[in-house]
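Everything below concerns the one structure shown next.
The values are calculated or read from the model by the stated rules, or taken from the named source; none is laboratory data. Note that the structure is a prediction, hence the values are computed from the model and not measured. Cβ placement follows ideal geometry from the backbone for every residue including glycine, while neighbour counts extend to all protein chains displayed.
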Amino acid sequence: MELEFEKVEIEGLDLKEVSCKTALSRSRLEADYALNPYQGCSHGCEYCYAPYVIRDERPWGTFLDVKRNIPKVVSQEAKTKKKGLVRIGSVTDPYQKAEREYKLTRRCLKQLSKNDFPVLIQTKSDLVKRDVDILKKMESDVGFTITSLDDDFRKTFEPNAPTVAERLSAIKELKEEGIPVWVFIGPLLPYENDGEDDLNRLKETLNSLDVEEIYLDKLNMRKGIWHKIRPLLRDDLEEDYRDIYFGDDDYFERKRGPYSEIGKLVF
Ligand code: SF4
């Protein structure tokens, strides 16, 4: 199952093809296994926690390790491992740019489908639409992350990720194909994307697409994330953020009520 094309070039990305020894790793995150065909993520979200999870010190959004042999490893493991739910994209987006050419996620899905493993996918990309043919044949559900309806927010904090309109159109298409879809609104950045009107409009839009399952999470601050997002915040917000994250403002406790009107909180 070797790839039959040349190494892919993506502008601004130091891309390496690597081999993996294991593919389906044990998970405790609402699934039995985690599967990540890529290490690194070209969406380059400014608030991304992934570098802290995988402890990779390379500048996030500038590199990508492509696990070239992962479909083959999945095909072997799926024959021997106990069946269980596989979370695809537990750390990085399985439908980022490189997937268009490499099709590693698609090839892994085929193997999992053949061996009756259910999957749960989390993505920000409309590229998932390409794999509807496989997803329809297996037990699957897809979660989209949408942080705001405002594409300027997306441009600032998720500069290389698909637009909001592209994600909404993908949700519509998957729902029409009968694939269960849920939405994760997160991270919520105080005063940036968590205004009551904005969240209500987002909820209404999702409900109009028949998405009823909505989850919300707040931005968890780390030193590295603070350095990245501080210059991107509106000028008047730095002091508020210092109070919320480094002072004694119980902002997120006060927001529990309003956030709960939108969906289930995961914090
Ligand atoms: S899509 Fe997810 S993994 Fe990729 S940069 Fe954004 S937050 Fe990180």
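Data overview
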| item | result |
| --- | --- |
| Matching entry among Gly178, Gly186 (being within 14 Å of the ligand (Cβ to nearest atom), among the small types (Gly, Ala, Ser) and either over 19 Å from Leu233 (Cα atoms) or touching a residue at least 40 places away in the same chain (Cβ under 8 Å) (or both)) | Gly186 |
| Filtered residues of the stretch 147-161 (kept if free of Cβ contacts under 8 Å to residues at least 60 places away in the same chain and either of a type in the set (S, T, N, Q) or within 16 Å of the ligand (Cβ to nearest atom) (or both)) | Thr147, Ser148, Asp151, Phe153, Arg154, Lys155 |
| Every residue from the stretch 91-115 that is among the aromatic types (Phe, Trp, Tyr) and within 13 Å of the chain's Cα centre (by Cα) | Tyr95 |
| Residue among Glu204, Glu192 that alone is in a helix (DSSP H, G or I) and acidic (Asp, Glu) | Glu204 |
| Subset tally (residues that are surrounded by fewer than 23 Cβ atoms within 10 Å (Cβ to Cβ) and either part of a loop (DSSP other than H, G, I, E, B) or within 16 Å of the ligand (Cβ to nearest atom) (or both)) for the stretch 105-118 | 3 |
| Within the stretch 11-63, tally of residues that are at pLDDT 95 or above and of a type in the set (A, V, I, L, M) | 7 |
| Qualifying residue in the stretch 144-164 (condition: surrounded by 16 or more Cβ atoms within 10 Å (Cβ to Cβ), in contact with a helix residue (DSSP H, G or I) (Cβ under 9 Å, 6 or more places away or on another chain) and farther than 29 Å from Pro231 by Cβ) | no |
| Subset of the stretch 226-267 (residues that are of a type in the set (A, V, I, L, M) and without any contact (Cβ under 8 Å) to a residue 60 or more places away in the chain) | Leu233, Leu237, Ile244, Leu265 |
